[in-house]
Every structure is written in structure tokens, then in C-alpha cells.
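Below is one structure; the comments refer to it alone.
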Amino acid sequence: MISLDNTSSIIEFTRLYLAVFYSAVALFYTVRIITAQKSINTGLVFPGERFCSHWWNHMTFRLFRVSIWMVCVVRLFFPALDEYLGLITNFDNALVLILGNILLTFGFLMTIIIHFSMKQKWRSGVDPKGLDGLITDGFFKYSRNPIFVSVALSQLGFFLALPSLFTLVCLIIGLYTLFKQATVEEQHLAEIFPSNYKTYQANVRRWL
């Protein structure tokens with residue numbers, strides 16, 4: 001049985017881990033986008049036309065990502081911030097926290113692996129220039145949106161690692177924006193690959 005002392009130690013470890021983790025996430029995406037754009041000499045992030053629904057969805061997700069990062073870093077130096085996050089004490093035990101850290105890390109590692117498996121075809125948002133062809137191999141044989149599944153898993157892990165009203169709101173909004181983004185991107189692919197994408201949809205699930 002895990003003691004209260006162990007639970008307190010895991011809480012403090014998780015406090016440090018979340019700050020380091022989300023700083024690493026921010027660094028990864030920054031470096032990934034900059035280096036990839038230089039290698040292919042084109043943009044990789046396409047939020048859509050300003051103020052359209054796709055743009056709002058993209059900006060909402062980005063805002064919450066930045067908010068999560070800032071909260072995790074600030075609470076490392078100011079633990080009293082936890083009082084304002086609406087902690088859910090029923091979930092605040094060692095096993096839940098450990099599970100949260102595992103899911104958080106696994107989801108992000110899967111995201112990285114899938115990113116690099118796509119090589120130069122990875123894009124954030126809908127590329128108006130279109131794509132050379134559908135990606136239907138690798139992870140995409142099992143899910144039409146494997147990166148979104150991995151991000152959702154990581155988001156669930158964040159909620160369990162820091163069970164609170166704040167992380168619950170982040171989870172709900174994160175899942176909603178992922179769903180909306182998947183819908184937008186699938187509509188785009190159905191337009192540029194009408195027959196091929198219809199066949200792909202019939203054979204591969206949207207999520208899992």
C-alpha cells in the first residue's frame with residue numbers, strides 16, 4: 001500500500017516533471033517547425049483564414065497549450081497557485097498521478113514517432129497547396145488521425161497527473177478542438193482525393 005508520504009513525494013515530483021515536460025514540448029515543436037521549414041523551404045503551419053472557424057479552433061488550441069505550459073512552470077516556483085486551480089482531491093493519490101505521468105509521456109512520445117514517420121509530409125492545419133498523396137501506411141493503417149489520438153491520450157494524462165478543474169477544462173476543450181480539427185482536415189482530404197479517401201474512410205477508423 002502506498003503511504004501518504006509517498007503520495008506527497010509523487011505530487012512534488014509531478015510538479016517538477018510537468019514544468020520540464022511542457023517546456024520540452026514547446027522546445028520540440030519550435031525546433032521541429034523551424035528546421036523542417038528550412039529543409040523544405042515552405043510553411044508547415046496553416047491555421048486558415050483569419051477569424052474563420054478553422055482559425056478560431058487553431059488559436060483556441062494554441063492558447064490552451066500556452067496556458068498549460070505557463071501554469072506548470074509558474075506552479076513549480078509558486079506552489080500556492082494550486083489553490084486557484086480547483087484541485088480534485090478524490091483523484092489526488094499516488095496511483096492516479098503515476099498513471100497520469102505515464103499516459104502524458106507515452107502520448108507525447110507517440111506523437112514524436114508519428115511526426116517523424118510522416119517525414120516531409122507533416123503539416124499543422126490544412127495546407128492550401130494540397131498534398132502529393134494520401135498517407136495510408138504505418139500508423140495511418142490503424143487510425144485516420146493517429147497524432148490526434150496521441151495528443152488526446154497525453155491530454156488525459158495531464159488531467160490525471162494534476163487532477164483539477166483547470167485541467168478538466170483543458171481536457172474538454174482539447175478534445176473538442178481535436179475533433180473539430182479532424183473534421184476540417186478530413187473534409188479537405190475528401191475534396192482533393194474524393195475516391196481514394198472514401199475508400200480509406202471505409203477501411204480505417206477515425207480514431208481507433
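The values are calculated or read from the model by the stated rules, or taken from the named source; none is laboratory data. Quick caveat: nothing in here was measured; it's all calculated off a predicted structure. Counting neighbours? That spans all protein chains shown, and the Cβs are built from the backbone with ideal geometry, glycine included.
What do you reckon, is Val31 in a helix (DSSP H, G or I) and at pLDDT 90 or above?
It is false that Val31 is in a helix (DSSP H, G or I) and at pLDDT 90 or above.
Looking at Ser164, Ser154, Ser117, which one is of a type in the set (Ser, Thr, Tyr) and at pLDDT below 90?
From the options Ser164, Ser154, Ser117, the qualifying one is Ser117.
Confirm whether Ser67 is of a type in the set (S, T, N, Q), surrounded by 13 or more Cβ atoms within 10 Å (Cβ to Cβ) and out of contact with any Leu (no Cβ under 8 Å at 6 or more places or on another chain).
Yes.
Exactly one condition in (1) acidic (Asp, Glu); (2) in contact with a helix residue (DSSP H, G or I) (Cβ under 9 Å, 6 or more places away or on another chain); (3) exposed (fewer than 14 other Cβ atoms within 10 Å of the Cβ) is false for Asp82; which is it?
(3)
Can you tell me which residue is modelled with the lowest pLDDT among those in the range 43-59 that are surrounded by fewer than 16 Cβ atoms within 10 Å (Cβ to Cβ), in contact with a helix residue (DSSP H, G or I) (Cβ under 9 Å, 6 or more places away or on another chain) and not hydrophobic (A, V, I, L, M, F, W, C)?
This residue is Gly43.
If you go through the range 145-187 one residue at a time, how many are touching a residue at least 12 places away in the same chain (Cβ under 8 Å), among the β-branched types (Val, Ile, Thr) and farther than 19 Å from Leu208 by Cβ? Talk me through it step by step, then tell me what you get.
At the first step, the residues of the range 145-187 found to be touching a residue at least 12 places away in the same chain (Cβ under 8 Å) are 145-168, 170-171, 173-175, 177-178, 180-182, 184-186.
After this cut, where a residue has to be among the β-branched types (Val, Ile, Thr) as well, the list is 147, 149, 151, 167, 173, 177, 184.
Within this subset, residues satisfying the condition of being farther than 19 Å from Leu208 by Cβ are 167, 173, 184.
Number of matching residues: 3.
Would you be able to say whether some residue in the range 110-130 is in contact with a strand residue (DSSP E or B) (Cβ under 8 Å, 6 or more places away or on another chain) and surrounded by fewer than 14 Cβ atoms within 10 Å (Cβ to Cβ)?
Yes, some residue in the range 110-130 is in contact with a strand residue (DSSP E or B) (Cβ under 8 Å, 6 or more places away or on another chain) and surrounded by fewer than 14 Cβ atoms within 10 Å (Cβ to Cβ).
Could you please give the count of residues in the range 34-61 that are closer than 19 Å to Ile147 by Cα, not hydroxyl-bearing (Ser, Thr, Tyr) and not in a loop (DSSP other than H, G, I, E, B)?
8
Select from the range 3-22 the residues that are part of a helix (DSSP H, G or I) and out of contact with any helix residue (DSSP H, G or I) (no Cβ under 7 Å at 6 or more places or on another chain) and list them in ascending order.
At the first step, the residues of the range 3-22 found to be part of a helix (DSSP H, G or I) are 4-22.
Correct list: Leu4, Asp5, Ser8, Ser9, Glu12, Phe13, Val20.
For the structure I just gave you, tell me whether Phe158 is assigned to a helix (DSSP H, G or I) and within 29 Å of Ile34 (Cα to Cα).
yes
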